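Let me begin by presenting the structure, written as structure tokens, before commenting on it.
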Amino acid sequence: MRSSLHLACLLHFHQPPTAGAVALDGCFDQAYEPVLDAIEADDRLRFGLHFAGRILEHALAHRPNFLARLERLQKVGRVEVLGGAFFDPVLAAIPERDAIGQLQFTANWLKRQLGALPEGGWLSLRVWDPALPRTLASGGVRYTLLDDSEQVHGHFSTERAGHAVAVLPLDNGLMAALALDPIERVRERLAFINLAHQQDGERVMSVCCPGEAMVSGGRFMELLGLLDTEHHWLKSILPGRAVRSFPTQGRVYLPTGAAPELAEWSRPAGTRSMRRALRDELEAKGVWAAVEPFVGRALFDNFLVKYVEANRLHKRMLLASDAVDRLRGVLAERVRAGLSGGSDEKARRVLERACDALWRAQTHA
């Protein structure tokens, strides 16, 4: 079989900002370090990796060798560490100034510790809003990954007011197969895709996997075994390399959306049960995957309608963000007016601590 299918696989590792050191040490021993061990052992492997900010903080404080290994692997093109908002907020649900601030903070953090700015940006819960291209581009993000229907390939471009980002569409059917199906069925699925499109030349499929679950469930090693035995036609590729190496499939404008599993939870109880019944009926007929994109996407803001306590916390966060921004504005105005003095240094330290507390509180976890 001709080598024509490239798999851009991203492993996403998440821990909430409140995760303790003991729990994180266990995750490093059982998941994060073994992933690097496996990648180092086979120079044909290429993986995108995303780590939540709490994981990176712990690595800097307690696992500096982990960051050194990441830096070496990234320099030789074996892994690509994605950026994103440091504490995993839903970008569309927080003020744009905070979203850009977190994106830039992550980019600068990775530049200092790993020696390179990230190209890609992770979106928590893969929540999308049509205004996000401007936010992402302002934060230095060149591409992101979003859910789509089955057997999509390549990458697309989207923009808002002239601010453009590339989008790698994720094959939801393939991601579900990687999580649940026997690995032989996954191989057959990929082989079918490869044979069906050989006349089109080389192509890219993109998937995103929850890293901790993949490793603990043994699926990660099974995937590595598949990439090893089928390396003559199935290649792993870094997501950023896929964006740079393959031509765009064109420009798209995307509606509001989120990870498919959120579609039911964001709805009122009555319509949620109706949607589930419709899904079960169409799954039994084998057509659900084809019609799911047209049955209404998740609107994340509906969580603020359905869950009153979430809306209350969200509005308190907005008030806190406004207060932090007012302090930022006062300090900036004093600098412009030439009035900055010794007392301003103390205020700047207060601002830094306030930003840190605010950004941690904006996490979706």
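Sorting the segments 21-33, 235-247 by their mean number of nearby beta carbons within 10 angstrom, highest to lowest, gives 235-247, 21-33. The lysines within cross-link reach of Lys306, meaning a Cα-to-Cα straight distance under 16 Å and a gap of 8 or more places when in the same chain, are Lys315. For the chain, the solvent-accessible area works out to 47 Å² per residue, with a probe of 1.4 Å and every protein chain left in place.
For Val81, the amide hydrogen comes within under 5 Å of the amide hydrogens of Leu49, counting only partners 5 or more places away or on other chains and with H modelled in the peptide plane.
Provide the FRET efficiency to the nearest 0.05 for the Ala164-Arg349 pair, computing r from the beta carbons and using R0 = 35 Å. Display every interim value, and only then the final one.
Working: r = 37 Å, r/R0 = 1.06.
Step by step, r from the Cβ atoms, then E = 0.40.
Express in whole angstrom the spacing between the alpha-carbon centres of the stretch 313-365 and the stretch 1-61. Answer, in whole Å: 33.
For the chain, averaging the sequence separation of C-alpha pairs within contact (under 8 Å, six or more residues apart) and dividing by the residue count gives a relative contact order of 22 percent. Ranked by the mean number of other Cβ atoms within 10 Å per residue, highest first, peptides 53-62, 222-231 order as 53-62, 222-231. Taking a sphere under 13 Å around the Cβ of Ala131 and counting the other residues whose Cβ falls inside, with K and R at +1 and D and E at -1, yields a net charge of -2.
Each of Ala68 and Glu261 was given a label point 7 Å from its Cα along the Cα-to-Cβ line. The distance between the two points is 3.7 nm.
Quick one: length gained pulling Arg275 to Leu60 fully straight, 0.36 nm per residue minus the C-alpha distance? Don't skip to the answer; put the middle values down first.
Values: separation 215, 0.36 × 215 = 77.40 nm, distance 4.50 nm.
Roughly 72.9 nm would be gained on extension.
Can you tally the net charge around Glu333? Count Lys and Arg as +1, Asp and Glu as -1, for every other residue whose Cβ sits under 14 Å from the Cβ of Glu333. For residues surrounding Glu333, the net value is +3. Here the Karplus relation 6.51 cos²θ - 1.76 cosθ + 1.60, evaluated at θ = phi - 60°, turns the backbone of the stretch 238-249 into coupling constants of 5, x, x, 5, 4, 5, 6, 8, 10, x, 5, 8 Hz, with x for every Gly and Pro.
Within the straight-line cut-off of under 26 Å between alpha carbons, the lysines reachable from Lys75 are Lys111, Lys235, sequence neighbours fewer than 8 places apart in one chain being disregarded.
The calculated FRET efficiency for Leu331 paired with Lys111, based on their beta-carbon distance and R0 = 22 Å, is about 0.35. When each of the peptides 163-169, 336-342, 214-220 is scored by the mean number of other C-beta atoms lying within 10 Å of its residues, the order from highest to lowest reads 163-169, 214-220, 336-342. Top mean-square fluctuation among Gly115, Gly154, Gly140, Gaussian network model of the chain, C-alpha springs under 10 Å? Looking only at Gly115, Gly154, Gly140, the biggest GNM fluctuation is shown by Gly115.
With K and R counted +1 and D and E -1, the other residues having a Cβ less than 15 Å from that of Thr363 yield a net charge of -1.
Assuming R0 = 51 Å, can you tell me the calculated FRET efficiency for the pair Leu318 and Leu195, based on Cβ-Cβ distance, to the nearest 0.05?
Values: r = 52 Å, r/R0 = 1.02.
It comes out at approximately 0.45.
Extent of the stretch 115-168 along its three principal axes (Cα atoms, max minus min coordinate, largest first): 33, 30, 21 Å. Less than 12 Å from a label point 7 Å out along the Cα-to-Cβ axis of Asp228: which backbone N atoms in the stretch 42-71 qualify, by residue? The answer is 42-45. Here the accessible area is traced with a 1.4 Å probe on the protein chains. For the chain, carbon and sulfur cover 56 percent of it. Here each label is just a point 7 Å from Cα along the line to Cβ, and for Arg44 and Ala361 those points are 5.2 nm apart.
The values are calculated or read from the model by the stated rules, or taken from the named source; none is laboratory data. Everything quoted here is computed from the prediction, not taken from an experiment. Virtual Cβ from ideal backbone geometry, glycine too; neighbours counted across all protein chains shown. With ligands, DNA and RNA removed, areas are computed over all heavy atoms of the protein, side chains included. Shrake-Rupley method; radii C 1.70, N 1.55, O 1.52, S 1.80 Å.
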